[in-house]
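A short worksheet on the structure shown next.
The values are calculated or read from the model by the stated rules, or taken from the named source; none is laboratory data. Quick caveat: nothing in here was measured; it's all calculated off a predicted structure. Cβ: placed from backbone, ideal geometry, glycine included. Neighbour counts: every protein chain shown. Side chains are part of the model used for accessible areas, which takes the heavy atoms of the whole protein and leaves out ligands, DNA and RNA. Shrake-Rupley method; radii C 1.70, N 1.55, O 1.52, S 1.80 Å.
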Amino acid sequence: MKDNNIIQSFFSKDELNQKIWDDNKQLRKEVREKLLHAANEFVDFIGVPILLEDVIFTGSLANYNWSEYSDIDLHVVSDFIQFSDTELPLYEELFRLKKTLFNDKHDIKIYGFPVELFAKDSEDLHKNKAVYSIQDDKWVVRPSKKNIKIDTESVKEKSADVMSDIDSALEISDSKERVGAIDKIKDRIKRMRKAGLEKGGEYSVENLVFKTLRGNGYLEKLSSEK
């Protein structure tokens, strides 16, 4: 069962991914060069001047909980203090839209792992579990191994429930009703994941349900149908 494989992939590995990191736990040169190139493309795509502070690599592939389903989370870091209180919400929305457009238009992969780009405020930098500075070629926050407890049965049960709802929504014949149902499910998944991250972190049931849906293609089904 693919879903069982996805859930098993959430557990920690003994080593960092050897295609991405060398024996000294440093980012491999060819990987760093590709990520810097992608970051520069993204900054150009944003199309507005920003005070670039760093380009960081974070997420599961910068840690021991990587898997074949992982993405490379690449953050272009800027100090949002450069924007006034009235400007900030507009720029944050712009960055979200540009991120979505860029990632949709560019299929950037390194050793089969998709590269997802984001524009982030420097204040958010240390909220991540592991952070590698692409710009300075060094760790900002080193990865650490943890004893992870995962409620696999709850993840399976909740994932199956959401997948059933998605299948039902996609079968609605009226296009307007179908789009409305899809929007409701996407909003539900977004709120569920946010609540899980705030309550239990990256290994919460809700966040792992989100990762399961992404790994088995159900999130892609929603986006492509919309």
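Can you tell me which residues in segment 80-94 are among the acidic types (D, E), more than 21 Å from the chain's Cα centre (by Cα) and either open to solvent by less than 80 Å² (accessible area, probe 1.4 Å) or at pLDDT 80 or above (or both)?
First pass over segment 80-94, keeping only residues among the acidic types (D, E): 85, 87, 92-93.
Among the residues that remain, those that are also more than 21 Å from the chain's Cα centre (by Cα) are: 85, 87.
Matches in segment 80-94: E87 only.
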Please give the number of the condition D3 fails out of (1) acidic (D, E); (2) open to solvent by less than 90 Å² (accessible area, probe 1.4 Å); (3) in contact with a helix residue (DSSP H, G or I) (Cβ under 9 Å, 6 or more places away or on another chain); (4) modelled with pLDDT of 80 or more.
-> (4)
Failed criterion for D167 (all others in (1) in a helix (DSSP H, G or I); (2) surrounded by 13 or more Cβ atoms within 10 Å (Cβ to Cβ) hold) | (2)
Positions within segment 175-191 being within 17 Å of M163 (Cβ to Cβ) and either open to solvent by 70 Å² or more (accessible area, probe 1.4 Å) or free of Cβ contacts under 8 Å to residues at least 24 places away in the same chain (or both), in sequence order | A181, K184, K186, D187, R188, K190
Here the qualifying pairs (Cβ atoms under 7 Å; residues six or more apart or on different chains; first in segment 96-113 and modelled with pLDDT of 85 or more; second basic (K, R) and surrounded by 11 or more Cβ atoms within 10 Å (Cβ to Cβ)) come out as I110/K34; Y111/K19
Might you let me know whether segment 43-54 holds any residue that is touching a Ser or Thr at 6+ places or on another chain (Cβ under 9 Å), at pLDDT 85 or above and within 30 Å of K158 (Cα to Cα)?
-> no
So which residues in segment 72-108 are assigned to a helix (DSSP H, G or I) and not hydrophobic (A, V, I, L, M, F, W, C), if there are any at all?
-> Q82, P89, Y91, E92, E93, R96, K98, K99, T100, N103, D104, K105
Would you call K120 over 26 Å from I6 (Cβ atoms), open to solvent by 60 Å² or more (accessible area, probe 1.4 Å) and modelled with pLDDT of 90 or more?
-> no
Check segment 56-71 and report whether any residue there is modelled with pLDDT of 90 or more, open to solvent by 70 Å² or more (accessible area, probe 1.4 Å) and either in contact with a Lys or Arg (Cβ under 6 Å, 6 or more places away or on another chain) or not in a helix (DSSP H, G or I) (or both).
-> no
Being more than 19 Å from the chain's Cα centre (by Cα), under 30 Å from V179 (Cβ atoms) and free of Cβ contacts under 8 Å to residues at least 60 places away in the same chain narrows it down to one of D151, D167, so name that one.
-> D167
